[in-house]
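The values are calculated or read from the model by the stated rules, or taken from the named source; none is laboratory data. Small disclaimer: the values here were computed from a predicted structure and weren't measured. Neighbour counts run over all protein chains shown; Cβ positions are idealised from the backbone, glycine included. Side chains are part of the model used for accessible areas, which takes the heavy atoms of the whole protein and leaves out ligands, DNA and RNA. Shrake-Rupley method; radii C 1.70, N 1.55, O 1.52, S 1.80 Å.
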Amino acid sequence: MEKINSLIGFCEDLNCEVRKSQLLRDYTTFKIGGECPAVILPSDTDMLCEIIKKIKALDVKFTVIGNGSNLLCDDKGFNGVVIKIGKNMDSISLVNDTTISVSAGTSLKKLCNYALDNSLTGLEFAYGIPGTVGGAVFMNAGAYDGEIKQVIVSCETVDMNGNIKKYTKEEMDLSYRHSAFQSKDEIIVSAVFELKKGDKDLISEKMNDLMSRRKEKQPLDLPNAGSTFKRPVGQFAGKLIQDCGLRGFRMGGAMVSDKHCGFVVNKENATFDDVMSVISQVQDKVLKETGFLLECEVKILKY
């Protein structure tokens, strides 16, 4: 704890926002997770670089989160600091008539609305995905036949030496729910998107249509982390789960959504273990009955 306190003091000297003794359930859409010593919210890339250098010098355990919309945290908490790339880093600007530069903490909703305001089409698929730009690039987020790969041009990261690095789309190695950053110790801090000029009314109509479809088909009324499982090649995870008779399957407070079987939801004060048990039982039964191994899409943060 001495090292963490030293890091906290360093961050405060930088005028960085630090929140001490935080419950991780307050930082995730699953509303599950125990305490961590501190959540650090840098306000720009330069500040983040300095914090990372200090973390390395002190050898402090840490993790990075965005909106926490694809994250399940241990009820035991996390024995390190959490760096949150959020509203403190959410600037957006036009590079030219069709190109947007955006900080990683920007919500996808804000980015989509900015594109709409500038009559730019190509990001409609992302409207309603409850994450940040950084998380979306990290996961190559997608929905309704669209994905980040289709519109991104480049991004910048901070490595563990506090250096800024730039990547082209090709260097990001983007594929279904995958990017090169999942195997790199780097933090995404910004991205550039290339869109196309479009009709503002048509863009708005498509965004509203996709949001309506989300509300109709997804359990947005209950805490969850989005699609729990990746889509197997040639199949749909939700259909496989439904076909195995697991709609509404429940352990403790966690349940396979009866609205969309691809979602595990926090039905009633679910614990970390409740969710992990449901995930494990679903994986076992689907594998046994269909031969498909469902890979978990949700990121797990343990103590």
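What is the calculated FRET efficiency for Lys302 to Leu94, with r their C-beta to C-beta distance and R₀ = 41 Å, to the nearest 0.05? Calculated value: 0.50. In order along the range 148-154, the phi-based Karplus estimate (6.51 cos²θ - 1.76 cosθ + 1.60, θ = phi - 60°) of 3J(HN,Hα) comes to 3, 3, 6, 10, 7, 10, 7 Hz; Gly and Pro are listed as x.
For the chain, Cys36, Cys49, Cys73, Cys112, Cys155, Cys244, Cys261, Cys296 have no disulfide-compatible partner, since no other Cys C-beta lies under 4.7 Å from theirs. Length gained on full extension, Lys196 to Asp273: 23.2 nm, using 0.36 nm per residue less the C-alpha separation.
Under the criterion of Cα pairs below 8 Å and six or more residues apart, the relative contact order for the chain equals 17 percent. For semi-axes √(5λ) of the Cα gyration tensor in Å, the candidate list reads (i) 30, 27, 16; (ii) 31, 21, 18; (iii) 38, 20, 18; the entry that matches the value derived from this model is (i).
Placing +1 on each Lys and Arg Cβ and -1 on each Asp and Glu Cβ, with no other charges, gives the chain a dipole about its Cα centre of roughly 540 debye. Per-atom-type breakdown for the chain gives carbon and sulfur 46% of the accessible area (1.4 Å probe, protein chains only).
A simple spin-label model places pseudo-atoms 7 Å from Cα toward Cβ; at Glu205 and Leu293 they are separated by 4.6 nm. Placing a label point 7 Å from the Cα of Glu170 along the Cα-to-Cβ line, the residues of the range 185-218 whose backbone N sits under 19 Å from it are 192-194.
From the residues Met207, Gly234, Leu246, which one has its Cα farthest along the dipole of the range 163-303 in the positive direction, the dipole being from +1 and -1 charges on Cβ of Lys/Arg and Asp/Glu about the Cα centre? It is Met207, whose Cα lies furthest towards the positive end. Solvent-accessible area of Val265, all protein chains in place: 0 Å² (probe radius 1.4 Å, heavy atoms, ligands and nucleic acids excluded).
Around the Cα centre of the range 35-115, unit charges on the Cβ atoms of Lys, Arg, Asp and Glu (plus for the first two, minus for the last two) sum to a dipole of about 60 debye. Would you mind telling me the antiparallel percentage of the DSSP bridges in the range 65-189, rounded to 5? Approximately 95 percent, going by the DSSP bridge assignments.
Taking all Cα pairs closer than 8 Å and separated by 6 or more residues, the relative contact order of the range 35-106 comes to 37 percent.
Heavy-atom accessible surface of the chain, averaged per residue, reaches 47 Å², computed with a 1.4 Å probe. In this view, the solvent-accessible surface of Lys84, computed with a 1.4 Å probe and all protein chains in place, comes to about 30 Å². When Met139, Met251 are compared by accessible area at a 1.4 angstrom probe, the order from most to least is Met251, Met139. Note on the range 87-214: percent of Cα-Cα distances in each 5 Å bin, starting at 0 and stopping at the bin with the largest distance, equals 2, 12, 22, 25, 20, 11, 5, 2, 1, 0.
This model, with +1 at the C-beta of Lys and Arg and -1 at the C-beta of Asp and Glu, gives the range 240-303 a dipole about its Cα centre of some 80 debye.
Remark: accessible surface ordering of Ser43, Ser154 (largest first) is Ser43, Ser154, probe radius 1.4 Å. For the range 1-59, the relative contact order works out to 35 percent when only alpha carbon pairs closer than 8 Å and six or more residues apart are counted. Legend: residues Leu287, Leu294, sorted from most to least accessible area (1.4 Å probe; ligands, DNA and RNA excluded), read Leu287, Leu294.
Phi angles across the range 248-259 convert, under the Karplus curve 6.51 cos²θ - 1.76 cosθ + 1.60 with θ = phi - 60°, into 3J(HN,Hα) values of x, 4, 9, 9, x, x, 9, 8, 5, 4, 7, 9 Hz, Gly and Pro given as x. Extension gain for the segment Lys215 to Ser101, taken as residue separation times 0.36 nm less the Cα-Cα distance, is 38.1 nm to one decimal.
Placing a label point 7 Å from the Cα of Gln182 along the Cα-to-Cβ line, the residues of the range 216-234 whose backbone N sits under 11 Å from it are 230-231.
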